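Taking it in order: structure first as structure tokens, then the write-up.
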Amino acid sequence: MTAATALPVINDPAAWAGPRIQHSDSWIYRFDVAALAELDAALRHVKQAGVSIPFGAGGFPLPRLSGELEKILHDVEHGQGFKLLRGIPRARYSDADCELLYWGLGAHLGRPISQNGRGHLLGHVRDEGRTQADPNARAYQTSQRMDFHTDLLPMDLLGLFCLRGAKRGGASKITSALTIHNVLREERPDLLNALYEHFHVDWRGEEPAGERGFFTLPMFSACRGKVTARIVSLPYYDSAARHGGQYAPGALQREALVKVQEIANRPELMLTMDFQEGDIQLVNNHIMLHAREAYEDYPEPGRERHLLRMWIAIDDARRRPLADALNAQYRWVARGGIPRKLVPAA
């Protein structure tokens, strides 16, 4: 275990506080006229070729924009840790066109991987009428508020494309896990130490064949001077106890998890954004925590809040170095994500 007192304060562009950037446009990339024309040309190319998802970057040619995407990826990996891409004229495109556009952009950033036992490479974040009280439901399948978290696998880049917004609510929130680490080091180093211990996390029905129904790893770890967070939503720890009471978080662990949420929700530390339709949010899944407010859908069929999601693996030369304790989980990323089940999780 790494002692918190032995760790220096993290001075990194990604260790930010909300007010410094909430009203800044440094985290927003706006597609200009030339970029949009290039996207239109790439969309025509892929449709004329009759290619379907999944396809590689070569199937979606972006001769100029690919260089911009490289810069965006560098900022997400080595800068502030997230980016919002804005300006795609959503009303111009069908849902199917948006899927092709989004996939084509994602293919230029890395390798999309499976997000669930259904084998979804392009996921759908929408209310499926489920609740987080269901131990086999994942939070994105509900309309409920989501705690600050990283996504289930330690993949490198999380991407969300807003097809449709909610009638009410659903704001996206981001906070820096590195800033939380600094706050804990100052306020509660004992809890920071606890977060470097191993926790049990429920797969929530997504475990690959032959795996236990939960996995074990630290919530913070360090490698080559880089700190990584693996904090997930609180219900994922609690439901691990269904596999045996010994897998529930201990008293100090639970206190540490609750403290993380308290710090993450401090207005001075987080950033809030309302998605516009056509927005793309990119988040470094190793150092940023994201959350969502509860939302209410429009009653009319076809108007429900709907985000497209990608989990993207970055090549080894560019991704964040991970501690050995995370390798057991990262091997699923390297293998292409959560394996598809013959009988998918509900």
Residues Arg331 and Ala34, FRET efficiency given R0 of 56 Å [Cβ-Cβ distance, rounded to 0.05]: 0.85
Kirkwood Rh, angstrom, the range 283-346 [1 / mean 1/r, Cα pairs]: 15.5 Å
Cα-derived Rg over Rh, computed across the range 243-334 with Rh taken as Kirkwood radius: 1.02
Nearest 10 degrees, 0 to 90: helix 65-78 Cα axis against the chain principal axis: 10 degrees
Gain on full stretching of the segment that runs from Thr131 to Arg64 - 0.36 nm per residue minus C-alpha separation: 19.8 nm
Charge sum, other residues only, whose C-beta stays under 14 Å from Ser26's C-beta, Lys/Arg counted +1 and Asp/Glu -1: +3
Loop-resident sites, the range 28-62, for trypsin sites (Lys or Arg not before Pro), counting at most 16 other Cβ within 10 Å (DSSP): none
Karplus (6.51, -1.76, 1.60) ³J(HN,Hα), θ = phi - 60°, over the range 81-97, in Hz, Gly and Pro reported as x: x, 7, 7, 10, 9, 10, x, 5, x, 3, 5, 6, 10, 6, 4, 5, 4
Lysines whose Cα lies under 19 Å from that of Lys83, excluding same-chain neighbours fewer than 8 positions away: Lys71, Lys173
Residue-by-residue Karplus 3J(HN,Hα) for the range 148-162, coefficients 6.51, -1.76, 1.60, Hz, glycine and proline x: 5, 7, 9, 6, 4, 8, x, 6, 8, 9, 9, x, 10, 10, 8
Aspartates and glutamates whose Cα lies under 17 Å from that of Lys259, excluding same-chain neighbours fewer than 8 positions away: Asp147, Glu186, Glu187, Asp190, Glu197, Asp238, Glu268
Carbon and sulfur %, accessible surface of the chain computed with the full protein complex present, 1.4 Å: 52 percent
Nearest-0.05 FRET efficiency for Lys71 and Leu252, computed from C-beta distance (R0 41 Å): 0.45
Residue-normalised accessible area of the range 244-346, expressed per residue, 1.4 Å probe, Å²: 44 Å²
Local electrostatic count at Arg305 - Lys and Arg +1, Asp and Glu -1, tallied over other residues with Cβ under 15 Å: -1
Average silhouette area of the chain, convex hull of alpha-carbon atoms, in square nanometres: 17.1 nm²
Per-selection Rg to Rh, the range 49-103 - Cα, Kirkwood hydrodynamic radius: 1.01
Relative contact order for the chain, counting Cα pairs under 8 Å that sit 6 or more residues apart, in percent: 31 percent
Extension gain (nm, one decimal) between Cys223 and Arg340, 0.36 nm per residue minus Cα-Cα: 39.0 nm
J(HN,Hα) series, the range 259-272, from Karplus relation 6.51 cos²θ - 1.76 cosθ + 1.60, nearest Hz, glycine and proline x: 5, 4, 5, 4, 5, 4, 8, 5, x, 6, 10, 9, 10, 10
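The values are calculated or read from the model by the stated rules, or taken from the named source; none is laboratory data. Predicted model only: the values in this text are computed from it and were never measured. Neighbour counts are summed over all protein chains in view; Cβ atoms, including those assigned to glycine, are modelled from backbone coordinates with ideal geometry. To get the accessible areas, we keep the full protein, side chains included, count just its heavy atoms, and leave off ligands, DNA and RNA. Shrake-Rupley method; radii C 1.70, N 1.55, O 1.52, S 1.80 Å.
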